[in-house]
1. Take the residues in region 65-118 that are of a type outside the set (A, V, I, L, M) and in contact (Cβ under 8 Å) with a residue 60 or more places away in the chain, then tell me which one is surrounded by the fewest Cβ atoms within 10 Å (Cβ to Cβ).
2. It is to be established whether one or more residues within region 85-98 are modelled with pLDDT of 95 or more, within 15 Å of the chain's Cα centre (by Cα) and within 15 Å of the ligand (Cβ to nearest atom).
3. Of all residues in region 105-119, count the ones that are assigned to a strand (DSSP E or B) and under 13 Å from the mean Cα position of the chain (by Cα).
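The values are calculated or read from the model by the stated rules, or taken from the named source; none is laboratory data. What you see is a predicted model, and the numbers here were worked out from it, not measured in a lab. Here Cβ is always computed from backbone atoms with ideal geometry, including for glycine, and neighbour counts include all displayed protein chains.
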Amino acid sequence: MIKSFLILVTLLGLTACCGCGGQSKAIAHKSMSGVAAIEQSHPLSCSSAKVSGMTCEACAMTVTENLKKIKGVKDVKVDVPAGQVKIYSIAPSDVSKKSVQSTIEKSGYQFLSLQSRCN
Ligand SMILES: [Cu+2]
């Protein structure tokens, strides 16, 4: 009884961590399917950032939306548990450490590192 109550509190806490409420999940799912829509005929370059502080899909949504404002960035894929953010852009030079770092930090999370490849 006590255990299930704690789990419920944990779930509620995670859902509400950005103050986005219950709708954030549906929105996040929409953006995730967008990754699959990347044009296969014209491969995008992928950069990978390590980010600390993201805890739920609303965090992922915030980071995704803000990174997409960087010129040349076509898509963003966030792995919340891994703290990894994949940034897909037309050219590798579209994604600079400076722009990614300031965007992550303005979004309210901690920027750790940026790699110019995803694997
Ligand atoms: Cu969150």
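1. 117
2. Yes - at least one qualifying residue is present in region 85-98.
3. 2
The rows are residues; the columns are (1) surrounded by fewer than 17 Cβ atoms within 10 Å (Cβ to Cβ); (2) modelled with pLDDT of 95 or more; (3) within 16 Å of the ligand (Cβ to nearest atom).
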| position | (1), (2), (3) |
| --- | --- |
| 16 | yes, no, yes |
| 31 | no, no, yes |
| 47 | no, yes, no |
| 56 | no, yes, yes |
| 63 | no, yes, yes |
